[in-house]
Amino acid sequence: MSKTYNLSKQEYAIMKILWDENQKMSLAEISSLLHSQGFRISTGTIKTYLQRLIKKEALSANKVGHNLEYFPSSSEQEYAQEWTHQFIEKEFDNSLSNFLLAFTGNHRLSNEEKLALKKLLDDE
């Protein structure tokens, strides 16, 4: 998977709804759930976000009658994994070591942290 999502807050909120509901949804259903979560944006604006998400390949849509039903192109876990991979690739020259050094603030890992990391690596 080589998708670049770079989702805005609103786009992520839409994706989160679709991931949580785990079913194809109409514009009206998505709008209703967004509004119930406190988002104050018009249905037209939501439609624009949905179109952007389709262009980003984060969403797919099927035509049902005169309406579209939207659904995620990947699971939330797949999205998180891809986002993390792209982040490390872009920001840390694809170096997990550089990422870990930045994450730990250039401090050495404790023995407990080293063992936990080693266990993760051994389990793969």
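Any read-out appearing in this document is the output of simple, stated calculations on the displayed coordinates, not a laboratory observation. Since this is a predicted model, take the numbers as computed values, not measurements. Glycine also receives a Cβ, built like all others from the backbone with ideal geometry; neighbour counts cover every protein chain displayed.
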With a Förster distance of 41 angstrom and the Cβ-Cβ distance between PHE39 and LEU96, calculated FRET efficiency to the nearest 0.05 equals 0.70
Using alpha carbon positions and the Kirkwood radius, the Rg to Rh ratio of the range 13-66 is 0.93
Could you calculate the FRET efficiency of HIS107 with GLU78 from 1/(1 + (r/R0)^6), where r is the beta carbon distance between them and R0 is 35 Å, rounded to 0.05? 0.65
Across bins of 5 angstrom width beginning at 0, how are the C-alpha pair distances of the range 35-97 distributed, in whole percent? 4, 14, 16, 18, 18, 13, 8, 6, 3, 1, 0
Comparing ASN111, ASN67, ASN98, which has the greatest mean-square fluctuation in the GNM of the chain with Cα pairs linked when under 10 Å apart? ASN111
Under 10 Å, Cα contacts only: if you run a Gaussian network model on the chain, which one of PHE39, PHE92, PHE103 comes out with the highest mean-square fluctuation? PHE103
Segment GLN86-ALA28, length gained on full extension (0.36 nm per residue, minus Cα span): 17.6 nm
Value of relative contact order over the chain, rounded to a whole percent, pairs C-alpha under 8 Å and six or more apart: 24 percent
Which residue, SER97, SER73, SER31, has the most motion in a Gaussian network model of the chain that connects Cα atoms within less than 10 Å? SER97
Stretch THR48-VAL64 to full length: gain in nm at 0.36 nm per residue minus the Cα-Cα span? 3.9 nm
Rg and Dmax of the range 79-124, Cα atoms, in Å? 11.8, 32
Expected 222 nm ellipticity per residue - DSSP helices of 4 or more, -39500 (n - 2.57), all of the chain, to 500: -18500 deg cm²/dmol
Can you give the Rg to Rh ratio of the chain, both from alpha-carbon atoms, with Rh computed by the Kirkwood formula? 1.12
